[in-house]
Amino acid sequence: QVQLGESGGGLVQAAGSLRLSCVVSGRTFIAMGWFRQAPGKEREFVAAISRTGGSTTYADSVRGRWTISRDYSKSMLYLQMDSLKPEDTAVYYCAARGSGNSYFTREKEVDYWGQGTQVTVSS
């Protein structure tokens, strides 16, 4: 069993930065990622990292601005968000897949979800 817990959300001005963290308990050597859901919209993929940490992928909307990383020694997943825009406002979810080496981009591949953390970007 895997449990995920996000932190680091908050209110930030446009062009600012935030770092989201996700603590992983249970099995930590698994593929992980971040999704987000804005008000009135469906949840969407943001970024993901492979089980070994050697491969990453990003949604077009965040590529070049954000970085996903992990620290196995601390059982942590991170999302460094730079150059934030008002349209990045959403609840951000940490996600994990229980099997497989590669990263994932689809919700149906996710086996475990965190409770979410709110990110609000003001203009």
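The values are calculated or read from the model by the stated rules, or taken from the named source; none is laboratory data. Source: prediction; values computed, not measured. A quick note on method: Cβ atoms are made from the backbone with ideal geometry, for glycine too, and the neighbour counts reach across all protein chains shown. Areas reflect the complete protein model, heavy atoms only, side chains present, ligands, DNA and RNA absent. Shrake-Rupley method; radii C 1.70, N 1.55, O 1.52, S 1.80 Å.
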Residue tally, condition among the aliphatic types (A, V, I, L, M) and farther than 10 Å from residue 34 by Cα, over segment 83-105: 3
Selection count, segment 50-68, where residues are β-branched (Val, Ile, Thr), under 18 Å from residue 24 (Cβ atoms) and open to solvent by less than 40 Å² (accessible area, probe 1.4 Å): 1
Residues being surrounded by fewer than 14 Cβ atoms within 10 Å (Cβ to Cβ) and part of a strand (DSSP E or B) - total across segment 23-36: 2
Test: residue in segment 69-88 that is buried (at least 21 other Cβ atoms within 10 Å of the Cβ), among the aromatic types (Phe, Trp, Tyr) and modelled with pLDDT of 95 or more: no
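Residues 47, 96: which one is among the aliphatic types (A, V, I, L, M) and free of Cβ contacts under 8 Å to residues at least 40 places away in the same chain?
Checking each option against the conditions leaves just 47.
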Residues being polar (S, T, N, Q) and within 11 Å of the chain's Cα centre (by Cα) - total across segment 8-50: 1
When residues of segment 1-22 are limited to those that are open to solvent by 40 Å² or more (accessible area, probe 1.4 Å) and in a strand (DSSP E or B), the one farthest from residue 62 (Cα to Cα): 3
Qualifying positions in segment 89-109 - open to solvent by 20 Å² or more (accessible area, probe 1.4 Å) and either farther than 17 Å from residue 7 by Cα or touching a Cys at 6+ places or on another chain (Cβ under 8 Å) (or both): 97, 99, 100, 101, 102, 103, 105, 106, 107, 108, 109
